[in-house]
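First comes the structure, then the notes that go with it.
What follows is calculated from the coordinates using simple rules that are stated; it is not laboratory data. This is a predicted model, so every value here is computed, not measured. For neighbour counting, all protein chains shown are included, and Cβ atoms are generated from backbone atoms with ideal geometry for every residue, glycine included.
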Amino acid sequence: MTQSRGKYPVWDAPVRVSHWYLSLAVGVMWLTGEQGYMDVHQWTGYSVLCVVTARIIWGFVGGQHARFINFVVSPAQVLRYMREGGHFVGHNPLGALSVVAMLLLLFVQAVTGLFSRDDLLFEGPLAYWAGSASGRLTEWHETNWLILQAVIALHLLAVAWHQWRKRQPMIQAMWYGSAGHKHAAEAPGSVWPAVLILGVVALALWGVVSQAPEAPSYY
């Protein structure tokens, strides 16, 4: 079935895949952290760091509504939206803040996890490199997780409000790319640049982790 001219998905495939993967991965990270399955926790953390980093890069080179420049606005515009509302094809100004906040918090969570340790169940692959700073980074990892939970809760409440109170199919849009009458003016590009970016990021992380020295037995 051919698409009407100018009616393209608002969210391209890399945005949708990264969104749903991170949603799943955060749940896995929480569960494995609580239950002490630290090997799974660590590998999931690696994947989160790779996907978040790739998504941030995609925010500069990706499709129309994936690019930060097309949805991140000034504080004055956010306040105007809060007073007057408005209709947006992509993220509204508050949604844009939520996206940026969660990406940054997830990035910090994954990075600090590389350096954290609890002297019992887990030692991040770069904890020995961090030396005495590892304890401070572990505290940041724990504090950042509390902030991240609060932001996720606010995000879910906002989605629920728009989905069921305002009858805006936000979940369907993020699953299918578009829903209702909202469409992008530009056709989504190839997904291969996003795959390449993710591969390069994963290779870089593997290079860093593989070069990290192991802690001595007395550490």
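Summary of computed values
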item: Spacing of the two label points (7 Å from each Cα toward its C-beta) at VAL78 and LEU94, in nm; result: 1.2 nm
item: Pairwise FRET efficiency - ALA133 versus LEU156, Cβ, R0 = 25 Å, nearest 0.05; result: 0.15
item: Exposure rule at most 16 other beta-carbon atoms within 10 Å, DSSP loop GluC sites (Glu not before Pro): the chain longest free segment; result: 1-185
item: Top of PHE71, PHE122, PHE88 by mean-square fluctuation, Gaussian network on the chain, Cα under 10 Å; result: PHE88
item: Other-chain or far-sequence residues with amide H under 5 Å of ARG117's (modelled H); result: GLY124, THR138
item: Modelled FRET efficiency - R0 45 Å, VAL40 with ALA187, Cβ distances, 0.05 increments; result: 0.70
item: Quarter of Cα convex hull surface for the stretch 13-211, i.e. mean projection, nm²; result: 12.4 nm²
item: Simple label model, 7 Å out from Cα along Cβ direction - ALA212 to LEU24, nm; result: 2.5 nm
